[in-house]
Structures are given as C-alpha cells and as structure tokens.
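Peer 1: Have a look at the structure that comes next, please.
Derivation of every value follows stated rules applied to the coordinates shown; laboratory data play no part. Fair warning: this is a prediction, and the values are worked out from it, not measured in the lab. Cβ coordinates were reconstructed from backbone atoms using ideal geometry, including for glycine residues, and neighbour counts include every protein chain displayed.
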Amino acid sequence: MAFKVKFWGVRGSIACPSPNHVVYGGNTSCIEVTAGDVHLILDAGTGIRGLGNEFIRQGRTNSALLLTHTHWDHINGFPFFSPIFCQPMTLDIYAGHLSDCGGIQQVFASQMATPMFPVPLEALQATLRFVDFRSGETLRFGEDVVVQTAPLNHPNGATGYRINYNGHSVCLITDTEHVPGQPDQRILDLIEGADLVIYDSTYTDDEFAAKVGWGHSTWQEGVRLCRAANVHRLAIFHHDPDHDDEFMERLEDQARRMWDRALVARDNMELTLD
C-alpha cells in the first residue's frame, strides 16, 4: 500500500502571493500524508485551502489533522478548508501542546469568533472531533499507522511527529529552535533512521544569530541532525518569507553540495516512500 507525502504549503510566518515566490511556493504550512487507507493532514496553514478543493474533487469524507502548534501561519487556512462546510466530512483534530491551557477546540473557536471571522465554529456542517494529547505520547491510526510525538523548542510549545507505516517513516520537525553545538536529543531520537525528515529551515546559519529566541532553526542544522541520525532524506521546509525564488535557488544549490540527500520542499511537490 502506498506511503506518500504531498506539500501543499511550505512557507513560514506569512503567505507570500508574489511573482517572486512562484517556484518554491508562497502558501504556509500544510502537508498531506497518505499511508495505505489512512489519511493525515499536518498543519492547517494557507496551503490547506488547495487540499480542501482536492478533497471535494475526490469525494473524500474523512481525515485527521495533526497540528504542530497553533501559531497563526499553521492554522489560518482552516476556515477556508471547504470540506468543513459539508455534512459528510469527519475531521479529527489533534494537538499536543494545549492540554494545560484550554485545549485545541477553544483555539479554533476563538479563531472563528466575532469579529475575527463571519462564520463561527459551531455553524460548520462537518463532524469535528478535537483531541488533546501531550507531546511525547504515541498515537495510532487504523491497524498499521503509528505516530510518535516529541515536544519541540518553540514559544508556546510545539510538537514533532514521526509517522511510521509499512517499515517506512516520515517526520515533521517544525517549528523548533536549536542551540548551536548542542544537537537536540529529543529530535535525534524521534528521527533516527527515518526515510524522510521535513525540518524547520527558516534561517541560514549566518542569519541565525540575529534570530535567537524566535523559535526557528536552519537548514544546516537540519543536515547535521539528519546525518547524525542516519536519515535517508531531508526536506528543507518552512521557508522565510524574505527568501524569494532567487534566494531559494542559491540555498538549494548550497544544500545539495553540503549533503546530496537534501532537497528543498516546494508547493505541490509529491514524494513516495518505498
């Protein structure tokens, strides 16, 4: 059975609908993972709008949404995810960082409350089920999909995910800030031997010193972690909005020369794990 990953949004911080952000994409964080009969969505940034249109086209009526965290760029596409306005849709929404501060349903309700949005959460026709867990717990979907989680170093908390299926694995590690020279052991443990790691590469090492405390990492740190953990491939992800196509092209060339197993994620890129 297929194990596939599709990037619907790869940008961080804010969407970039400009002619200088066409090649690599301007939508914020949203990744679709298909593992046999199990369908998962990772984050609900602006990229989830396009995924929703694809759901309608396919007639899909169920999925699970796993949130790394609830900063604006990772959830602001949710009100424009068209399947939630349709009665046949069932969506389970998971978060691992909000158990002690009101839970994920409260955050989504606040996002769509007056005067922030004209349609309140309770008016949606889909069946929404909200699940709060604690980062570090293991989740299961169906009989064959096991999702390991770990807390990340980010303001207000965030969760990293490792999705295991049929002997293969994909990890999403965003948003997280590293300490130079001190690899995060929680991340190393989570990504060990993974087929694909999608990593928060908002900055370069040269930019990082001016951004300490902002909660993000660099593509070079992603390479270092993946090499140390025997990862097969790295997907550079969560691109800074100031990194336009020209900048990203140079970055991609540098990354490939540093480690030939590194690639730069783009909107609509599809990968198969086998």
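Peer 1: Test of understanding: ordering Ser82, Ser29, Ser63, Ser18 by Cβ neighbours within 10 Å, fewest first, what list do you get?
Peer 2: Arranged by neighbour count, lowest to highest, Ser82, Ser29, Ser63, Ser18 become Ser18, Ser82, Ser63, Ser29.
Peer 1: Going by how many other Cβ atoms sit within 10 Å of their own, how do Cys30, Cys16 line up, fewest first?
Peer 2: With the sparsest Cβ surroundings first, the list reads Cys16, Cys30.
Peer 1: Quick one: grab Rg to one decimal and Dmax as a whole number for region 213-274, Cα atoms only, in Å.
Peer 2: According to the Cα coordinates of region 213-274, Rg and Dmax are 12.1, 37 Å.
Peer 1: Averaging over every viewing direction, what projected area does the convex hull of the Cα atoms of region 135-199 cover, in nm²?
Peer 2: 4.5
Peer 1: Considering all projection directions equally, how large on average is the shadow of the alpha-carbon convex hull of region 135-272, in square nanometres?
Peer 2: Values: hull surface 34.4 nm².
That works out to 8.6 nm², a quarter of the Cα hull's surface.
Peer 1: What base-10 log of the normalised intensity I(q)/I(0) is obtained for the chain from the Debye formula, alpha carbons as equal point scatterers, at q = 0.11, 0.15, 0.17 Å⁻¹?
Peer 2: Log10 of I(q)/I(0), two decimals: -0.57, -1.10, -1.45.
Peer 1: Through the Karplus equation 6.51 cos²θ - 1.76 cosθ + 1.60, θ set to phi - 60°, convert the phi angles of region 75-88 into ³J(HN,Hα) values in whole Hz; use x for Gly and Pro.
Peer 2: Karplus values, whole Hz, x for Gly and Pro: 9, 6, x, 4, x, 10, 7, 4, x, 6, 8, 10, 4, x.
Peer 1: Based only on other Cβ atoms within 10 Å, what is the fewest-to-most ordering of Cys101, Cys171?
Peer 2: Fewest-to-most ranking of Cys101, Cys171: Cys101, Cys171.
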